[in-house]
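J.: I have a structure I would like to understand better, so I am pasting it below and will then ask my questions one at a time.
The values are calculated or read from the model by the stated rules, or taken from the named source; none is laboratory data. Since the model is a prediction, treat every value here as computed from it, not as a measurement. Backbone-built Cβ (ideal geometry, glycine too); neighbour counts: all protein chains shown.
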Amino acid sequence: MTKVLGIIGGSGLYQIDGMENEQWISVESSYGQPSDQLLIGDVEGLKVVFLPRHGRNHNISPSKINYRANIDALKRAGVTDLLSISACGSFREHMAPRDFVIVDQFIDRTFAREKSFFDESLVAHVSVAHPTCGGLSDLLMTASDQMDITVHKGGTYLAMEGPQFSTLAESLMYRSWGCDVIGMTNMPEAKLAREAELCYATVAMITDFDSWHPDHGEVDIMEIRKTLGNNSDNARSLIKKIIPLLKNDPARHPCQQGCDHALEYALITDGKNIDPNLKNKLSAIAGRLLK
């Protein structure tokens, strides 16, 4: 299988350094319009597909992002490995602003979003017990070893609906649950990536301490904006360093964790009873099993 790296850029990340033969292209999705066109090009001989999650003008609120269209469009563009970059707040003293967290767990508290591709006449249940790809996450850690930044391996990401930040009571509650960071965009993105059989990993870039910290108080948007610039520079450097590792890693496919075959035994509805129009709609996500 030819490896193609997809990158979803969050707040502050709107471009990829070192991309050659780049072009913005429109990809039609069965689920409506993705956040923006896809930027497709080559970086050090590896095909890279970039999508700004909030649009290039950052004009799409977290609750209004068409997560299904984003994942569907990336899958149609040939993406096999998907790296999600997003800003977040921290619930832990030792996870400070400007640190990165390679997330390995999520708690999904969103409620206003479409969360599955399988919601009309076709039932499928995929496992998200381990919602991120261990292999891709390990490559991220290896890449970060070459950088002068603090990167934490593993952490639980609380996905809130937004767009408002947490109340103090909510922040204290999430912290008591054992959550490490909080953000608004990685769910249902991670669940949909699993349904699409993509190897998915998240880099959470810490911008603040949410509102629980007695010495920092409520979230200060001006301080967040200052930190975003530094985090984005480091994120672009991390992307640059993981590309040769991904390109030259023969063990990446098939995925040892089974991300690329997550639907193998997940489809419950008999394929003979599936409407041809629905099969066409799901052609990118589950086409190999709906022939």
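J.: Restricting the search to segment 247-277, which residues are part of a helix (DSSP H, G or I), modelled with pLDDT of 95 or more and either on the phi > 0 side of the Ramachandran plot or hydrophobic (A, V, I, L, M, F, W, C) (or both)?
T.: Of everything in segment 247-277, just one residue is part of a helix (DSSP H, G or I), modelled with pLDDT of 95 or more and either on the phi > 0 side of the Ramachandran plot or hydrophobic (A, V, I, L, M, F, W, C) (or both), namely C259.
J.: Modelled with pLDDT under 85 and either closer than 19 Å to T185 by Cα or of a type in the set (F, W, Y) (or both): which single residue out of L228, L198 fits that description?
T.: Being modelled with pLDDT under 85 and either closer than 19 Å to T185 by Cα or of a type in the set (F, W, Y) (or both) holds for just one of L228, L198, which is L228.
J.: Looking at segment 166-206, which of its residues are touching a Leu at 6+ places or on another chain (Cβ under 6 Å) and not in a loop (DSSP other than H, G, I, E, B)?
T.: Y174, I182, A193, C199, Y200, A201
J.: Shifting gears a bit: Any idea how many residues of segment 193-208 are buried (at least 24 other Cβ atoms within 10 Å of the Cβ) and more than 17 Å from the chain's Cα centre (by Cα)?
T.: 1
Yes/no matrix, rows are residues, columns are (1) in contact with a Phe, Trp or Tyr (Cβ under 6 Å, 6 or more places away or on another chain); (2) buried (at least 18 other Cβ atoms within 10 Å of the Cβ); (3) over 26 Å from R98 (Cα atoms); (4) among the aliphatic types (A, V, I, L, M):
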position	(1), (2), (3), (4)
D233	no, no, no, no
K247	no, no, yes, no
H253	no, no, yes, no
A266	no, yes, yes, yes
D275	no, no, yes, no
K279	no, no, yes, no
R288	no, no, yes, no
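J.: Between residues in segment 129-140 that are closer than 18 Å to A196 by Cα and residues that are among the hydroxyl-bearing types (S, T, Y) and outside any helix (DSSP H, G or I), which pairs lie under 8 Å by C-beta distance while being six or more apart or on different chains?
T.: From residues that are closer than 18 Å to A196 by Cα, the pairs are P131/Y200; T132/Y200; T132/T202; C133/Y200; L136/Y200.
J.: Where residues in segment 128-171 are of a type in the set (D, E) and under 17 Å from I107 (Cα atoms), which of them is surrounded by the fewest Cβ atoms within 10 Å (Cβ to Cβ)?
T.: Of everything passing the filter in segment 128-171, E161 is surrounded by the fewest Cβ atoms within 10 Å (Cβ to Cβ).
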